[in-house]
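Structure first, then comments.
The values are calculated or read from the model by the stated rules, or taken from the named source; none is laboratory data. Predicted model only: the values in this text are computed from it and were never measured. All Cβ positions, even for glycine, are placed from backbone atoms using ideal geometry, and neighbour counts span all protein chains on display. These area figures cover heavy atoms from the full protein model, side chains too; ligands, DNA and RNA do not enter into them. Shrake-Rupley method; radii C 1.70, N 1.55, O 1.52, S 1.80 Å.
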Amino acid sequence: MTKSFTLAEYLQDLEFLVNIDSGSYTPAGTKKVMEFFQEKFNLLGWNTKIHKTSDKVGPCLQISNCPDEGYDVLLLGHMDTVFPEGTAAKRPYAIDKKAKVTGAGVSDMKGCLLMTYFALKELDQSKKLAGKRICFLLNSDEEIGSLYSRTLIETLAKKSSYALIVEAARPTGDMVNSRSGIASCDLTATGIAAHAGVNPQDGSSAINELAAWILKLHALSNYEVGTSINVGIIKGGSARNVVAEQAQAQVDIRFKQHSEFERISTALHELEQQSFTAGGAKITCNTILNRPPMNPSPQTLKLCKNISDLGKSLGIDFNWVTTGGGSDGNYCAALGIPTVDGLGPVGGGGHSVHEWLDANSVKPRLNLLIKTIEFITNSPVK
């Protein structure tokens with residue numbers, strides 16, 4: 001089906017991208033990735049626009065084949081990784097005899113961005129985008145919750161009929177139509193210091209208070225409805241022989257329905273009004289809703305079926321799944337935009353030393369992305 005695509009060229013470009021350190025807080029690296037794609041799309045004659053959102057992170061790149069007025073399809077991907085500077089040198093691009101590619105960010109999501117470029121290039125050069133309105137946004141802070149680019153994402157989503165998130169397909173080849181909402185909660189415990197051996201009764205342990213909260217927080221989880229609470233980091237105290245005056249914890253909250261977030265928020269507020277430790281140690285909490293849940297609308301489910309049928313016509317069979325991880329698709333779906341995710345090549349092991357991408361899946365998934373864009377722009381889902 002594809003004319004201009006060759007796996008050899010793709011892998012050569014992928015090696016260049018993977019060997020760039022581009023962590024969320026490595027703006028020079030994400031800028032280098034951005035410049036790579038800006039040059040590629042400029043050569044196609046597409047419009048490219050740089051958005052600087054914060055000095056803390058790299059710029060975003062908005063790519064389109066039409067004026068910035070409205071889009072048939074918005075494609076979203078991110079250039080940042082979770083890895084610190086120096087990771088690319090320690091864990092560079094590599095490919096084995098089974099076409100398994102490894103390296104920092106190879107599937108999350110540099111290989112996905114690159115596949116999307118080749119798909120749009122093929123569509124453009126075959127004149128299949130004539131009169132169609134396409135936007136491809138690459139941001140630099142997705143791995144930290146799109147803290148600085150969220151407004152831009154939502155602005156473009158409101159101008160778009162459909163959103164395609166080109167994160168990697170699951171290791172099984174499945175795609176994603178549902179993601180958890182994500183919230184974070186920072187707990188600050190304040191107690192009264194005292195000598196642990198001389199007069200412990202005069203103190204009030206911030207650590208004890210935090211321990212009581214941790215048990216109560218985990219009891220709020222409801223896995224049956226997709227709600228989970230995890231206390232991921234705790235620290236506190238000043239010495240072994242001192243009743244702790246202070247302690248902190250960082251909490252991750254995942255939920256499928258906004259009503260569950262409201263339930264947790266109410267419970268946290270009620271806990272703040274209490275003290276579980278003798279002497280009056282107290283905790284305050286700062287809760288932030290990072291990403292709303294991504295739940296499929298009826299129109300999204302119809303689109304999923306259409307994409308599944310397109311996959312079968314190409315000999316690709318997969319299911320639609322839900323995942324506890326978030327993506328920028330959460331923001332689009334919350335705005336009522338039909339949104340599907342996981343349209344990239346097959347990969348796995350994200351955020352770990354075991355991250356991989358199946359090079360053999362690139363061409364089939366590229367063809368499916370092309371078919372999907374063609375279908376949406378020619379016969380929108382009703």
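If the requirement is being touching a strand residue (DSSP E or B) at 6+ places or on another chain (Cβ under 6 Å), modelled with pLDDT of 95 or more and open to solvent by 40 Å² or more (accessible area, probe 1.4 Å), which of these qualifies: T284, T339? So that I can check it myself, show each step before the final result.
Values: T339 fails: open to solvent by 40 Å² or more (accessible area, probe 1.4 Å).
Of the residues listed, the single one that is touching a strand residue (DSSP E or B) at 6+ places or on another chain (Cβ under 6 Å), modelled with pLDDT of 95 or more and open to solvent by 40 Å² or more (accessible area, probe 1.4 Å) is T284.
Looking at A219, A249, can you tell me which residue is over 29 Å from D141 (Cα atoms) and among the hydrophobic types (A, V, I, L, M, F, W, C)? Step through it out loud before you land on a result.
Working: A249 fails: over 29 Å from D141 (Cα atoms).
Exactly one residue qualifies, and that residue is A219.
Looking at the range 347-365, can you tell me whether even one residue there is farther than 28 Å from V82 by Cα and not polar (S, T, N, Q)? Even if it seems obvious, please write down each step before you answer.
Within the range 347-365, the subset farther than 28 Å from V82 by Cα is none.
Scanning the range 347-365 turns up no residue that is farther than 28 Å from V82 by Cα and not polar (S, T, N, Q).
Please list, ordered by residue number, the helices (runs of 4 or more DSSP H) wholly in the range 1-97 having 3 or more residues that are open to solvent by 50 Å² or more (accessible area, probe 1.4 Å).
7-18, 27-44
Can you name the number of the only condition in (1) crowded, with 23+ Cβ neighbours inside 10 Å; (2) among the polar types (S, T, N, Q); (3) more than 22 Å from L335 (Cβ to Cβ) that S140 fails?
S140 satisfies every listed condition except (3).
Can you tell me which residues in the range 287-326 are of a type in the set (K, R) and either open to solvent by 70 Å² or more (accessible area, probe 1.4 Å) or within 30 Å of S204 (Cα to Cα) (or both)?
Hits for the range 287-326 are K302, K305, K312.
What is the residue count in the range 232-279 for residues that are aliphatic (A, V, I, L, M) and open to solvent by 30 Å² or more (accessible area, probe 1.4 Å)?
Qualifying residue count for the region: 5.
Exactly one of these conditions fails for L120: (1) open to solvent by less than 10 Å² (accessible area, probe 1.4 Å); (2) touching an Asp or Glu at 6+ places or on another chain (Cβ under 8 Å); (3) closer than 27 Å to C332 by Cα. Give me its number.
With respect to (1) open to solvent by less than 10 Å² (accessible area, probe 1.4 Å); (2) touching an Asp or Glu at 6+ places or on another chain (Cβ under 8 Å); (3) closer than 27 Å to C332 by Cα, L120 is out only on (2).
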